[in-house]
Amino acid sequence: MKKQQVAHCQFSVWYPLFKQHTIKSSILPLPKNVIDYLLDDGTLVVPESDYIAQQTNADEDFEWSDDETTTTVTAPEFPDFTAKVLKAVHLLGGCVFPKLNWSAPKDANWIALNSSLQCQNLSEIFLLFKSSDFITHDLTQPFLHCNDQDSPDPVINFELVLRKWSELIPGGEFRCFVKENKLIAISQRDYTQYYPHILKQEESIIHAIQDFFSQHIQYRFLDDDFVLDVYRDSQGRVWLIDLNPFGKVTDPLLFTWAELASGGGISQTQDGPIFRYTTSDVTVQPSPCLSYRIPRDFVDLSTGEDANKLVDFLKLQKSQQEDDEDESAE
């Protein structure tokens with residue numbers, strides 16, 4: 001994987017090439033002060049001009065104090081950028097799916113109020129972005145896994161991508177691996193679940209994706225090796241969702257990069273691509289994004305879903321208080 005290949009997979013590079021075959025989107029340049037804010041490791045405070053922040057009384061400064069000092073954290077303001085975002089969201093129907101040049105904050109959907117990447121304003125977008133390791137990777141080390149580290153980094157202009165919100169059924173998403181402009185492998189995108197229709201429609205899914213690739217994608221992209229995510233809707237039509245570098249930075253899902261990169265007999269065993277998918281409930285696997293979530297015990301305590309954990313927690317608190325009182329008496 002070369003640095004230039006990664007640069008070619010930026011949304012603003014491939015979107016104009018395949019605009020008619022993908023979801024309507026808007027691209028906004030990220031101002032430097034917004035980038036600095038996203039990379040700031042300090043307290044998470046979203047812009048208070050947004051209606052969600054207003055609902056939580058964010059029009060006043062947040063104050064955290066102890067016995068010695070008082071720290072005031074002021075919410076940042078980006079009036080010009082906020083106006084552009086709200087206008088773009090409105091033109092895209094009021095709800096959007098946000099991402100940067102390459103990545104979406106899929107590892108941070110747990111922090112959203114709706115547990116979704118669906119956003120209506122800048123506050124919701126910032127909350128996801130500042131909680132996402134994927135977004136931080138885009139901003140700080142997009143060429144981390146490239147094998148030409150001695151070459152200079154391509155110039156990157158960071159952008160906020162807003163995509164019209166579309167309700168995609170996970171069972172209709174597939175990741176396709178292209179080597180030397182040949183479709184060599186297809187993987188079920190959401191391999192953590194078993195979808196019976198995939199088993200029943202295996203041949204028609206392969207043919208639909210092959211036809212879409214040969215008619216609209218093959219030889220039209222800037223590189224010979226790349227990965228594309230597609231969606232097959234209920235009518236059998238295939239849509240382009242994303243383009244990714246052919247290398248370690250992209251999840252190979254039900255394949256390994258060793259077999260994909262070497263060919264490993266993948267393209268020689270049959271005329272078409274190899275198609276892998278979860279074949280039964282027995283083979284269902286945990287989601288790779290679970291490691292980014294907060295511990296389950298915290299969720300149970302905050303929601304009261306596990307009464308035993310709550311009782312144990314209260315007993316611990318009482319014990320600690322009694323210990324503190326004994327120490328004070330002594």
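The values are calculated or read from the model by the stated rules, or taken from the named source; none is laboratory data. Predicted model only: the values in this text are computed from it and were never measured. Please note: Cβ atoms are built from the backbone with ideal geometry, for glycine as well, and neighbour counts cover all protein chains shown.
Can you pull out every residue in the stretch 87-120 that is over 11 Å from the mean Cα position of the chain (by Cα), over 13 Å from R163 (Cα atoms) and assigned to a loop (DSSP other than H, G, I, E, B)? Selection gives A112, L113, N114, S115. Is it the case that some residue within the stretch 239-258 is free of Cβ contacts under 8 Å to residues at least 40 places away in the same chain, outside the structural domain of K130 (by TED's automatic domain parsing) and aliphatic (A, V, I, L, M)? Within the stretch 239-258, one or more residues are free of Cβ contacts under 8 Å to residues at least 40 places away in the same chain, outside the structural domain of K130 (by TED's automatic domain parsing) and aliphatic (A, V, I, L, M).
When L228, L254, L168 are checked against the criterion of being under 21 Å from the mean Cα position of the chain (by Cα), farther than 30 Å from N121 by Cβ and assigned to a loop (DSSP other than H, G, I, E, B), L254 stands alone in meeting it. Pairs meeting the criteria (first residue in the stretch 185-207 and in contact (Cβ under 8 Å) with a residue 60 or more places away in the chain, second residue assigned to a strand (DSSP E or B) and of a type in the set (A, V, I, L, M, F, W, C), beta carbons under 6 Å, at least 6 apart or on different chains) are A185/F177; A185/I274; I186/F174; I186/C176; I186/F275; R189/F174; I206/F275. Considering L139, L127, L122, the condition of being buried (at least 17 other Cβ atoms within 10 Å of the Cβ), farther than 24 Å from W14 by Cα and out of contact with any Ser or Thr (no Cβ under 6 Å at 6 or more places or on another chain) is satisfied by L127 alone.
A quick yes/no check of all residues on (1) surrounded by 15 or more Cβ atoms within 10 Å (Cβ to Cβ); (2) on the phi > 0 side of the Ramachandran plot:
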residue: N157; (1), (2): no, no
residue: G171; (1), (2): yes, no
residue: F177; (1), (2): yes, no
residue: E180; (1), (2): no, yes
residue: D190; (1), (2): yes, no
residue: H197; (1), (2): no, no
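Suppose the filter is in contact with a helix residue (DSSP H, G or I) (Cβ under 6 Å, 6 or more places away or on another chain), modelled with pLDDT under 95 and surrounded by fewer than 17 Cβ atoms within 10 Å (Cβ to Cβ); does L44 pass it? When the stated conditions are applied, L44 passes them.
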